[in-house]
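S.K.: My questions will all concern the structure given below.
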Amino acid sequence: MALPVSVLLVLVMLCSSPACPLGCDPPLSHGNQEAFTLLSQMERISIRSCLKDRADFRFPQILVDGHQLEKTQAAAVVHETLQQIFHLFSTSGSPEAWDDTLLDQFLVGLYQQLDDLETCLGKETKVQQSPLGSENSRLAVKRYFHRISLYLKEKEYSACAWEVVRVEIRRCFLFMNKLTGKLWK
């Protein structure tokens, strides 16, 4: 199973990760692009064979309409999204058909993005506490991922269910890239 190797790799990264080298302008779009590419490479079955399993997870509008957020609010939303993706893909229910190396690279990349973003968020939240809008946005993201988790459980973590989720998470990365691109220009 990939989980023990993934956890070990994350622990190694935890002990050796550098601080955010670019101040509070983390290079998220590069990390998101790598994650997007790895998710694409993780495809093991065609989404066409899983059309009957499609679901509407009610994507959070906050990721679509990110222009309404301030920089710290957007960073908190992106952080929550990355955390939820990391948790989702590090569960024991992830398909064994996935390449362990790709899954490990994906999780390590997510961890690195989270670490960089936490460093940057830490600098900015010392001055200002998290606004209510940020908490509402983060709650919307948590609810979205809760719906995804319930879907996987309902589908008994089938290969098609994971394929639907993999495609949905790729969509998440596209919106996060748009959001971070607008805010960290």
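S.K.: Can you work out which of the residues in the stretch 56-90 that are assigned to a loop (DSSP other than H, G, I, E, B) and without any contact (Cβ under 8 Å) to a residue 60 or more places away in the chain is most open to solvent (accessible area, probe 1.4 Å)?
M.R.: Among them, the one singled out is Asp56.
S.K.: Select from the stretch 34-45 the residues that are touching a residue at least 60 places away in the same chain (Cβ under 8 Å) and over 14 Å from Lys155 (Cβ atoms) and list them in ascending order.
M.R.: Glu34, Ala35, Phe36, Leu38, Leu39, Ser40, Gln41, Met42, Glu43, Arg44 - these are the residues of the stretch 34-45 that are touching a residue at least 60 places away in the same chain (Cβ under 8 Å) and over 14 Å from Lys155 (Cβ atoms).
S.K.: Being among the hydrophobic types (A, V, I, L, M, F, W, C), open to solvent by less than 60 Å² (accessible area, probe 1.4 Å) and modelled with pLDDT of 90 or more is the requirement here; does Leu121 meet it?
M.R.: no
The values are calculated or read from the model by the stated rules, or taken from the named source; none is laboratory data. Computed from a prediction, not measured in an experiment: that's the story for all the values here. Ideal geometry is used to build each Cβ from the backbone, glycine not excepted, and the neighbour counts take in all protein chains shown. Ligands, DNA and RNA are stripped out before the accessible areas are found, and what is left, the full protein with its side chains, is counted by its heavy atoms. Shrake-Rupley method; radii C 1.70, N 1.55, O 1.52, S 1.80 Å.
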